[in-house]
Amino acid sequence: MELEIRRSRFLTRIRRVTTEADARAVIEERRSHYFDARHHCSAFILGPDGRTARSSDDGEPAGTAGIPMLTVLQRNELTDVVAVVTRYFGGIKLGAGGLVRAYSDAVAEAVAAAGVRRVSLCQVFSVRVGFAEVGVVEDQLRGLVLPSGAPVVVDGVDWSDAAYIRLAVPEPDVGDLHTALATLSAGALTADPVGNRWVG
């Protein structure tokens with residue numbers, strides 16, 4: 001994504017990352033690719049609760065680049081993401097307010113262009129089903145929507161002494177899943193917890 005403001009060029013890269021090392025690798029990749037640029041400002045947020053948040057002005061006046069970039073990511077409720085804005089100076093000073101707007105706009109436009117995918121932390125369950133019934137039960141579960149409006153996600157089927165259908169539901173809807181399974185099968189189907197994962 002490229003933005004030009006008063007002859008300065010702002011090149012933005014947004015990438016999904018899961019660790020601080022990954023985020024820093026993206027920043028360094030941009031720095032080496034655009035080695036002749038004056039600034040490579042960055043911001044990243046990590047973790048399900050966004051607890052890890054870092055930013056860098058990379059030589060711009062303090063508070064005019066990294067923090068505005070970070071604020072845009074936070075306003076969009078993003079996590080596990082890094083944004084790097086590379087600036088080629090065009091010879092005209094933008095002033096502190098101009099820099100804040102420029103870096104904010106650069107990240108906001110890149111987020112809009114990339115799009116946002118919503119994910120939720122889900123609990124994963126295993127439902128034991130006989131071989132003869134697995135097709136019918138799996139079809140019923142794929143169409144199941146809980147009272148909250150959350151769909152039941154069929155996460156796969158494991159085969160051993162029987163078929164074990166893996167289901168993922170948002171944590172607040174676990175009680176509704178148990179009720180729905182009992183209603184669907186007259187109490188024959190039960191869901192055993194096997195873990196958690198992000199689903200989107």
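Extents of the range 32-191, largest first, come to 73, 31, 24 Å (Cα atoms, principal axes, whole angstrom).
Per residue, how many Å² of accessible area does the chain show with a 1.4 Å probe? Kindly include the intermediate steps, with their values, before the conclusion.
Numbers: 10540 Å² over 200 residues.
In whole numbers, the chain has 53 Å² accessible per residue.
What does the charge dipole of the chain about its Cα centre add up to, to the nearest 20 debye, if the Cβ of each Lys and Arg holds +1 and the Cβ of each Asp and Glu holds -1? All intermediate terms of the calculation are to be shown ahead of the outcome.
Numbers: 22 positive and 25 negative charges, 231 e Å.
Magnitude of the dipole: close to 1120 debye.
Distant-in-sequence amide contacts of Asn196, defined by a placed amide H-H separation under 5 Å and a gap of 5 or more residues or a different chain, comprise Val124.
Helix-only mean residue ellipticity at 222 nm, the chain, DSSP H runs n ≥ 4 weighted -39,500 (n - 2.57), per residue, nearest 500. What is it? That calculation yields -10500 deg cm²/dmol at 222 nm. Element breakdown for the chain at a 1.4 angstrom probe: carbon and sulfur atoms account for 51% of the accessible area.
The values are calculated or read from the model by the stated rules, or taken from the named source; none is laboratory data. None of the values given here were measured: they were computed from a predicted structure. Virtual Cβ from ideal backbone geometry, glycine too; neighbours counted across all protein chains shown. Side chains included, ligands, DNA and RNA excluded: accessible areas come from the protein's heavy atoms. Shrake-Rupley method; radii C 1.70, N 1.55, O 1.52, S 1.80 Å.
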